[in-house]
Amino acid sequence: MPDLAYLNGDIMPIEKATVPIEDRGYQFGDGVYEYIASYAGRLFMLGAHLDRLERSMGGLDFPPIPRSRIKAAIVDLFERAGYDRAGIYIQITRGVAPRNHAFDPTLSPQVVMTIRQINALPENLHRDGITAITVRDIRWGRCDIKTIQLLANSLAKQKALSEGHSDAIFISDQNVVREGTSSNLFIVKGGQLITHPLTPNILPGITRMAIIDICRETDLKIDESFFTTDALYHADEVFLTGTVTEVMPVTQIDGRCIGDGNVGPLTRKLYDGLRQKALAGA
Ligand code: PMP
């Protein structure tokens, strides 16, 4: 089965799917997206992704699309592709119109999806951890909306790669540690986890939510509060979370070793916990 695309109700091979050049997503980045993964033939946390998609659309004043319609399209695409381990990308833009900053509130949103088989990240990354750099957070003030405007994220990721690292971590003007370029960030200090609270400055990650659930279920202390680069550098463990990233240990940041430089026990435990949750079809 080839990788498939969904385009406003029609399903076709990805290379056959095209959008008009006056789509506002193309011209203004006026769109939102989701990325959902499946494990062993089951979509992981579909409901939470649909909740966030609705919130993102509401955040940009898009007219609502019935949840049942989006859900049915996702499930149909997933079943047709038949992949056990699939990644589904869903993008909704405000619509197609002659280029103008102002928009017609009655425009019809354009819904595009693609499905591809997920190639697991190299196993050694999860086993040995990655290295990262910090970058100034130059993003806009609504990072809680999952928009397709990812230029700052893209440039930061590229900077990390060009300097021989795997990812970049956004830091505010006041030195508050925000998140990764496509992941949330947790630190461990003295057996307790800390992650940035849900504010407009970070994306409310679905994996972040799953990790917090696992912490509560297993009596691990988790604190959602602000912390600075100083706490980041002096953490016992640091890891990133995301749908693609899962739980990714970070063992070195800006050239400084985190803890003893090895992947820590809580990071491992939460990686295993997330995998178990996903395979159980939570
Ligand atoms: N933060 C940012 C900036 C992201 O792009 C992502 C992934 N889309 C995440 C966090 C993690 O979100 P999730 O766990 O829902 O994939």
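The values are calculated or read from the model by the stated rules, or taken from the named source; none is laboratory data. All values derive from a computational prediction rather than experimental measurement. Neighbour counts run over all protein chains shown; Cβ positions are idealised from the backbone, glycine included.
Details
- Filter pass, residue 254 being farther than 24 Å from residue 46 by Cα, outside the structural domain of residue 53 (by TED's automatic domain parsing) and free of Cβ contacts under 8 Å to residues at least 60 places away in the same chain: no
- Selection over region 179-197 of residues that are assigned to a loop (DSSP other than H, G, I, E, B) and either outside the structural domain of residue 130 (by TED's automatic domain parsing) or loosely packed, with under 15 Cβ neighbours inside 10 Å (or both) gives a count of 3.
- Residue tally, condition touching a residue at least 24 places away in the same chain (Cβ under 8 Å) and farther than 17 Å from residue 109 by Cβ, over region 1-33: 5
- When residue 195 is tested against the conditions (1) closer than 24 Å to residue 138 by Cβ; (2) at pLDDT below 95, the lone failure is (2).
- Candidate set: region 172-203, residues that are closer than 18 Å to residue 237 by Cα and β-branched (Val, Ile, Thr); chosen: the one farthest from the ligand (Cβ to nearest atom): 188
- Failed condition for residue 106, given (1) in the same structural domain as residue 219 (by TED's automatic domain parsing); (2) modelled with pLDDT under 95: (1)
- Number of residues in region 150-169 that are more than 11 Å from the ligand (Cβ to nearest atom) and assigned to a loop (DSSP other than H, G, I, E, B) equals 4.
- The test for being touching a residue at least 12 places away in the same chain (Cβ under 8 Å) and in a loop (DSSP other than H, G, I, E, B) holds for residue 84.
- Qualifying residue in region 52-66 (condition: of a type in the set (Val, Ile, Thr) and surrounded by fewer than 18 Cβ atoms within 10 Å (Cβ to Cβ)): yes
- Residue among 80, 116 that alone is within 26 Å of residue 209 (Cα to Cα) and basic (Lys, Arg): 116
- Yes/no for residue 133 being more than 12 Å from the ligand (Cβ to nearest atom) and not polar (S, T, N, Q): yes
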